[in-house]
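Chemist: Before I ask anything, here is the structure I am working with.
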Amino acid sequence: MAFAQKTSVTGASQDSDPIRVMVVDDAVVIRGLLTRWLDDAPGLTVVSSQRNGKLAVDDILKSNPDVVVLDIEMPEMDGMTALPLMLAKKRDLVVIMASTLTRRNAEISLKALSLGAADYVPKPESTSEVTTSVDFRRELIDKVKALGLRARRLRGPAHRMRAETTAGRTAAPVPASRLPDTREAFRGAAKPAAPAAASFKLRPYSAVKPRILAIGSSTGGPQALQVVMKSIGTAIQDVPVVITQHMPPTFTAILAEHVGKAALRPAAEGKDGDVLKPGQIYVAPGGKHMVLEKDAGAVKIRLNDNPPVNFCKPAVDPLFDSVAKIYGSATLALILTGMGHDGADGVRTIAAGGGSIITQDEASSVVWGMPGAAAHTGMCSDVLPLSEIGPKVSRVLKGNTR
């Protein structure tokens, strides 16, 4: 399938040229639909469309995309086989996995994140559902844009060395050895050049020892959560942990298992009526809002089917609001990497109740939407790189805020 190079983009990003996208899907209808959606979106241009992983791998250097939307299940070569081969050929490539909402595909998608994929988009089950799903289309375009721009910023001037169409001729692709490897930043391993907190107004930590840890995250969150929870470990033995990660059903159940293994603590999706217990981790189930309520001296989980908040369900704001009402100044909350601004209002509520908030910094975030919005409220007690959040949380939970 041939693609014409766009010469101008209305509403494009800070870069003068559009983000280059490859679509890989064996279903011709889906492949054509995704290609049309992405190619019509301001700031994006589809440079390649392939029906299986082998063809995509063979075309990586020629088409030189910034972002690949990669299906998991395909004949000849599936997405998981193609993923490492693509990244070996182009180290700065952003790969977004696309999969339907089955347990097997959810497991594969989370495994792909550990192998270098930047994120995933869950596809509706049927072609007709994909065609009519406004939410899927919006999420796909938003993630391609956000992750593509993030990768370019990490590369800096290097991205201008990539293949460009000039006067109808395409320059030779830049060898992978000459391009920076941005994948570590997508895993949250990037280091800030200077203390991020210096740029923001910060509040003192609460003098009250935390009795709960509440966490909100989205794009890049599964990787970030594992890093943080592995570092915290036994420090959460005296407090419950409640997590809202923007994810669909099935994915959240598997995420809970992974987070529990990382922390070596019991973890599961929250169930309506669950009584919070110290040392246990509760993940909001996909498709439901999770909030807390006090009932006869016990704190219980309540799930509801209210409309999405900030386009999200589950959303962070309802959880944070309910936590603040019950725990007040004994609240410790984290906002980790993610798109949008979900959690910012909840941060204000927690701060108004005297609680403490730690936000992930820009350098280590896959997307600095949610943590950036939280940091700019001026209500956080720290803005830290991912590698420092776990150790800091462990100290704060023990009553040491230094």
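The values are calculated or read from the model by the stated rules, or taken from the named source; none is laboratory data. This one's a predicted model, so the numbers in the text were calculated from it and none came from an experiment. Cβ atoms come from the backbone with ideal geometry, glycine included; neighbour counts cover every protein chain shown.
Chemist: Of the numbered conditions (1) buried (at least 21 other Cβ atoms within 10 Å of the Cβ); (2) over 20 Å from SER109 (Cβ atoms), GLY79 satisfies every one except a single condition; which is it?
Modeler: (2)
Chemist: I would also like to ask the following. May I ask you to list the residues in region 110-130 that are outside any loop (DSSP other than H, G, I, E, B), of a type in the set (S, T, N, Q) and within 15 Å of ASP25 (Cα to Cα)? Reasoning before the result, please.
Modeler: First, pick out the residues of region 110-130 that are outside any loop (DSSP other than H, G, I, E, B): 110-114, 119-123, 127-130.
Okay, now just the ones that are also of a type in the set (S, T, N, Q), so 114, 127-128.
Correct list: THR127 only.
Chemist: Would you be able to say whether some residue in region 300-310 is crowded, with 24+ Cβ neighbours inside 10 Å, assigned by TED's automatic domain parsing to the domain that holds SER218 and not hydrophobic (A, V, I, L, M, F, W, C)? Walk me through how you get there before you give the answer.
Modeler: The first filter runs over region 300-310 and keeps only residues crowded, with 24+ Cβ neighbours inside 10 Å, leaving none.
Within region 300-310, none of the residues are crowded, with 24+ Cβ neighbours inside 10 Å, assigned by TED's automatic domain parsing to the domain that holds SER218 and not hydrophobic (A, V, I, L, M, F, W, C).
Chemist: Which residue, of GLY273, GLY287, GLY279, is under 23 Å from ALA224 (Cα atoms), part of a loop (DSSP other than H, G, I, E, B) and either without any contact (Cβ under 8 Å) to a residue 24 or more places away in the chain or more than 23 Å from the chain's Cα centre (by Cα) (or both)? Steps first, answer last, please.
Modeler: Numbers: GLY273 fails: under 23 Å from ALA224 (Cα atoms); GLY287 fails: either without any contact (Cβ under 8 Å) to a residue 24 or more places away in the chain or more than 23 Å from the chain's Cα centre (by Cα) (or both).
After applying the criteria, what remains is GLY279.
Chemist: If I ask for residues that are of a type in the set (A, V, I, L, M, F, W, C) and assigned to a helix (DSSP H, G or I), which ones from region 250-270 would you list?
Modeler: Applying the first criterion (of a type in the set (A, V, I, L, M, F, W, C)) to region 250-270 yields 251, 253-256, 259, 262-264, 267-268.
Listed by number, the residues that qualify are PHE251, ALA253, ILE254, LEU255, ALA256, VAL259, ALA262, ALA263.
Chemist: Need the failing condition index for SER99 against (1) at pLDDT 95 or above; (2) closer than 18 Å to ALA117 by Cβ, just the number.
Modeler: (1)
Chemist: To continue, here is another question. Could you tell me how many of the residues in region 229-255 are touching a helix residue (DSSP H, G or I) at 6+ places or on another chain (Cβ under 8 Å) and more than 22 Å from VAL291 (Cβ to Cβ)?
Modeler: Of the residues in region 229-255, 7 are touching a helix residue (DSSP H, G or I) at 6+ places or on another chain (Cβ under 8 Å) and more than 22 Å from VAL291 (Cβ to Cβ).
Chemist: Considering region 290-317 alone, what residues qualify as being without any contact (Cβ under 8 Å) to a residue 12 or more places away in the chain and closer than 19 Å to ASP342 by Cβ? Steps first, answer last, please.
Modeler: First pass over region 290-317, keeping only residues without any contact (Cβ under 8 Å) to a residue 12 or more places away in the chain: 295-297, 307-308.
Across region 290-317, the qualifying residues are PRO307, PRO308.
Chemist: Only one of (1) crowded, with 21+ Cβ neighbours inside 10 Å; (2) touching a strand residue (DSSP E or B) at 6+ places or on another chain (Cβ under 8 Å) is not met by GLY353, so which one is it?
Modeler: Checking GLY353 against (1) crowded, with 21+ Cβ neighbours inside 10 Å; (2) touching a strand residue (DSSP E or B) at 6+ places or on another chain (Cβ under 8 Å), the one that fails is (1).
Chemist: Continuing with the same structure: Considering only residues that are within 15 Å of LYS277 (Cβ to Cβ) and either crowded, with 17+ Cβ neighbours inside 10 Å or under 14 Å from the mean Cα position of the chain (by Cα) (or both), which ones fall in region 228-242?
Modeler: Those that are within 15 Å of LYS277 (Cβ to Cβ) and either crowded, with 17+ Cβ neighbours inside 10 Å or under 14 Å from the mean Cα position of the chain (by Cα) (or both): ILE236, VAL239, PRO240, VAL241, VAL242.
Chemist: So, one more: Taking region 203-221 as the region of interest, how many residues are farther than 16 Å from PRO391 by Cβ and buried (at least 24 other Cβ atoms within 10 Å of the Cβ)?
Modeler: To start, the set of residues in region 203-221 that are farther than 16 Å from PRO391 by Cβ comprises 203-204, 206-209, 211-212, 214, 216-221.
When the remaining residues are screened for being buried (at least 24 other Cβ atoms within 10 Å of the Cβ), the result is 214, 216-221.
Of the residues in region 203-221, 7 are farther than 16 Å from PRO391 by Cβ and buried (at least 24 other Cβ atoms within 10 Å of the Cβ).
Chemist: Quickly run through region 84-108 and pick out the residues that are hydrophobic (A, V, I, L, M, F, W, C), touching a Ser or Thr at 6+ places or on another chain (Cβ under 8 Å) and crowded, with 18+ Cβ neighbours inside 10 Å. I'd like the intermediate steps shown before the answer.
Modeler: Restricting attention to region 84-108, the residues satisfying the condition of being hydrophobic (A, V, I, L, M, F, W, C) are 85-88, 93-98, 101, 106, 108.
Filter once more, so that each one left must be touching a Ser or Thr at 6+ places or on another chain (Cβ under 8 Å): 94, 97, 101, 106, 108.
The answer is VAL94, MET97, ALA106, ILE108.
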